[in-house]
Amino acid sequence: MEFNIALLKGDGIGPEIVDSAVAVLEKAAEKFGHKFNFTSYLIGGCAIDATGKPLPQETVDGCLASDSVLLGAVGGPKWDDQPGENRPEKALLGIREALGLYTNLRPAKLYPALRNASPLKDGIVGDGFDLMIVRELTGGIYFGDRGYRQGKYGEEAFDTEAYSVTEIERIGRVAFDSAMKRSKKLCSIDKANVLESSRLWRKTMHRLAEEYPQVEYSDMFVDNAAMQLVRNPRQFDVIVTSNMFGDILSDEASQITGSIGMLASASMGETTRGMYEPIHGSAPDIAGQNKANPIATILSGAMMLRYSFGLSDEADAIEKAVDNVLNAGYRTADLMGSSEGSPLTCTEMTQKISEAL
Ligand code: IPM
Ligand code: MG
């Protein structure tokens, strides 16, 4: 089969890790007899440098015309002084919104081979954990009214958390459907003891739960959830939560797997066109040094094959190749203790995974 893939390499380590994922996707295409056409577009800081805007219209049009999008990371100290509307991060929100990607799937599982990289004790990790965080991606405080005004103490800035029943229902359905395909367990995370928007969230989830009697449903407050994730991550399977809580909890979930360099994500809407990206950022401190761990982006490529193109054997093969390379003991710097010998570079790790494939 033939697919057109838009590449948004972005800033920092973005170009290195996207090139790695492309190499592995090319290998998969060769092995399984497909053709992937890649076209690169600018996003983030590099787009500001070239065009003055973090999200040029050409990028949006290119993504809309493609079958799927693979993104690296955006942002860096160079653009930290840009006004809010022109920050690289704003481009990420803009492209998510333009493509209607309201669902963000962030799987977090512990690889047995990386057991030692997890900061959690054996008694907590047991035989491992495997979570799926379903994060709402185009609503809530990221997209609510914001601005400056005069308040009780003079000038103040504000951001607004707002959720409609429609937005809660559509992300809720994705989460319940995902729970039905996994272990039929769903925990919805909110702050309904304080926030009105969370009370509507909870009420709507409860109504949906009645439609899915086979799913063992529970609610949890976000502060407790942050604690439970490190106290007993094995109690969770699918988690559904708002944009901001999902942002925070997915970083926490990634760290207990050992490295943020391992976690892939898929952003989806109503069509099969998705955007796939590692959950980590642009890591300006190691950019251009060939040190980055490409696995999160390679696994994002696998998610693209599975969710957007329906190529699950191909996705399985990439995931298996990553497993094999990790089981054989190969590690990038982020996955190693200081005493464990010399790490693989980004390109060496990519090479190993391509060979395993
Ligand atoms: C993420 C990132 C982004 C977010 C930033 C860079 C805008 O942290 O994808 O988790 O907050 O969504
Ligand atoms: Mg984040």
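Each value in this text was obtained by applying a stated rule to the coordinates, not by laboratory testing. All of these numbers come straight from a predicted model, not from anything done at the bench. Please note: Cβ atoms are built from the backbone with ideal geometry, for glycine as well, and neighbour counts cover all protein chains shown.
Can you classify the stretch 268-357 as rounded, prolate or oblate using the Cα gyration tensor, where a ≥ b ≥ c are the square roots of its eigenvalues, rounded means a/c under 1.5, and otherwise it's prolate if a/b beats b/c and oblate if not? Verdict is oblate for the stretch 268-357. DSSP beta bridges fully contained in the chain are about 40 percent antiparallel.
Quick one: net charge of residue 224's neighbours, Cβ under 12 Å, K/R +1, D/E -1?
Working: positive: 191, 231; negative: 190, 219, 223.
For residues surrounding residue 224, the net value is -1.
Label-to-label distance for residue 203 and residue 316 is 4.5 nm, based on points extended 7 Å past Cα in the beta-carbon direction. In nm, to one decimal, how far is the residue 347 label point from the residue 194 one, both placed 7 Å along Cα→Cβ? For residue 347 paired with residue 194, the spin-label model returns 4.9 nm.
Applying 1/(1 + (r/R0)^6) with R0 = 45 Å to the Cβ-Cβ distance of residue 156 and residue 270, what FRET efficiency is obtained, to the nearest 0.05?
Values: r = 37 Å, r/R0 = 0.83.
Calculated value: 0.75.
Gain on full extension, evaluated as 0.36 nm per residue between residue 327 and residue 231 minus their Cα-Cα distance, stands at 31.9 nm.
Relative contact order for the stretch 1-75: what is it in percent, counting Cα pairs under 8 Å that are at least 6 residues apart?
On the way: 127 pairs, mean separation 38.7, N = 75.
Computed over the stretch 1-75, the figure is 52 percent.
Shown for 27, 184, 152: other C-beta atoms within 10 Å of each C-beta, ranked fewest to most, produce the order 152, 184, 27. Full extension of the chain between residue 177 and residue 65 gives 37.5 nm of extra length, using 0.36 nm per residue less the Cα-Cα distance.
Taking each DSSP H run with n ≥ 4 as -39500 (n - 2.57) and averaging over every residue of the chain yields -12500 deg cm²/dmol at 222 nm.
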